[in-house]
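Presented below is the structure to which this report refers.
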Amino acid sequence: MIAQRMPTETNDAVNLIVSLLVRYPEIASVRSNPADETIRLTFAFTTAFASDQARRITGEVVDYLEAFHDVSRSAPTVLGTSCDVDQGASFLHVDRDLKTITKDEISMVVSLLAERFGALLVTNPVPEESSDEDVSEQEEMVNVAIDSMRDNGAQKSLVGFREERRVLIYFTKAAKKKKAAKK
């Protein structure tokens, strides 16, 4: 039997998702959307936010991201947040374009949410044998994976999440690119 290899662009997308989920245990899931060249980071909370609280949180994250981009003199083409509230849980989604997202930006969002919400932010347990050297290696992997995604442009939409200390990756149906508006 001949084993089929995944195309390089798919490997790059998988590497990015795994790198982000391993490096940032606060991120509940990562979804790559090649049709619009975006990535969605989802954070889970152990409480159901009231609608006004959800609006404040999404607005605060956008404010922080806009300030980050003002300081770094970058102009994201996609920067959005949304919040889904369910019984006893909330999910904050951060949507960003792959062309301008950086590891530092992701770290800032993770730090903001961890500091602001503490134990309410669902966090995967860090392995006991983890060291500072592991963290720097993980950060380098995130940088390499982001650069690879920018250079190669994935064709398949993927979603990755954690389940019982494992990272699971699934292919999803990619949304078709929006047709140009008729003049």
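Table for the structure above
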| quantity | calculated |
| --- | --- |
| Segment 15-172 - percent relative contact order, Cα under 8 Å, separation 6 or more | 34 percent |
| Among Ser32, Val122, Val18 - extreme Cα towards positive end, dipole of segment 15-172, charges at beta-carbon | Ser32 |
| Dipole magnitude of segment 15-172 about its Cα centre (Cβ charges: Lys, Arg +1; Asp, Glu -1), debye to nearest 20 | 540 debye |
| Proxy reagent accessibility, fewest Cβ within 10 Å first, across Tyr64, Tyr170, Tyr24 | Tyr170, Tyr64, Tyr24 |
| Near-label residues of segment 66-92 by backbone N, under 20 Å of a point 7 Å along Cα→Cβ of Leu112 | 66-85, 90-92 |
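Each reported figure results from applying straightforward, stated rules to the coordinates on display, with no laboratory input. Predicted, not measured: the structure shown is a model, and the values here were computed from it. Here Cβ is always computed from backbone atoms with ideal geometry, including for glycine, and neighbour counts include all displayed protein chains.
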